[in-house]
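Report on one structure; see the data block that follows.
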Amino acid sequence: MFESNKPTVEDTEENRAICRQYCKNCQNYKKHNLEQFQPNELFCGCGQSSETGMKVIGCFCPACPLFTKYHLRGGYFCVRR
Ligand code: SF4
Ligand code: SF4
């Protein structure tokens, strides 16, 4: 019940624009060419990348304003939801 009240990250252009400032500069994103796989941004709202078998190299999510705003935990949302 507590979990279901957790606000979900809305898939809006505004949120996507914020995400691009972080995900697209991250080593994990660049190394695995995540722009080529869907979803290719806003992983915390849209779910993990369809790229599989990624190594986890480094995640910028904890620096992202949406991470704080939505009380997200952990990061690496491109790898796991
Ligand atoms: S928390 Fe991570 S995946 Fe979500 S918008 Fe920010 S940088 Fe993108
Ligand atoms: S979710 Fe984290 S690890 Fe994945 S691309 Fe975004 S910043 Fe990088």
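The values are calculated or read from the model by the stated rules, or taken from the named source; none is laboratory data. These figures come from a predicted structure and were not determined experimentally. As a convention, Cβ positions derive from the backbone with ideal geometry for all residues, glycine included, and neighbour counts pool all protein chains shown. To get the accessible areas, we keep the full protein, side chains included, count just its heavy atoms, and leave off ligands, DNA and RNA. Shrake-Rupley method; radii C 1.70, N 1.55, O 1.52, S 1.80 Å.
Projected onto the charge dipole of the chain (+1 at Lys/Arg Cβ, -1 at Asp/Glu Cβ, origin at the Cα centre), which of Pro65, Cys26, Ser50 gives the Cα projection farthest towards the positive end?
It is Cys26, whose Cα lies furthest towards the positive end.
Over the stretch 3-69, calculate the relative contact order: mean separation of alpha carbon pairs under 8 Å at least 6 apart, over the residue count, as a percent.
38
List the chymotrypsin sites (Phe, Trp or Tyr not before Pro) within the chain that DSSP assigns to loop and that have no more than 12 neighbouring Cβ atoms inside 10 Å.
Phe2
Where in the stretch 1-75 are there trypsin sites (Lys or Arg not before Pro) that are in a DSSP coil and have at most 13 other Cβ atoms within 10 angstrom of their Cβ?
Lys55, Arg73
Roughly how big is the chain's charge dipole about its Cα centre, with Cβ charges of +1 (Lys, Arg) and -1 (Asp, Glu), in debye to the nearest 20?
360
Between Thr52 and Lys30, 0.36 nm times their residue separation minus their Cα-Cα distance comes to what?
Extra length available between Thr52 and Lys30 comes to 6.5 nm.
Which residues in the stretch 42-80 place their backbone N less than 16 Å from a point set 7 Å from the Cα of Arg20 along the Cα-to-Cβ direction?
42-43
Accessible area per residue of the chain at 1.4 Å probe, in Å²?
Ligands and nucleic acids excluded, the result is 65 Å² per residue.
Ordering Glu41, Glu35, Glu13 by how much accessible area each has at a 1.4 Å probe, largest first, what is the list?
Putting Glu41, Glu35, Glu13 in descending order of accessible area: Glu13, Glu35, Glu41.
If you roll a 1.4 angstrom probe over the protein chains with everything in place, what fraction of the accessible area of the stretch 3-69 belongs to carbon and sulfur, to the nearest %?
Accessible surface attributable to carbon and sulfur in the stretch 3-69 totals 49 percent.
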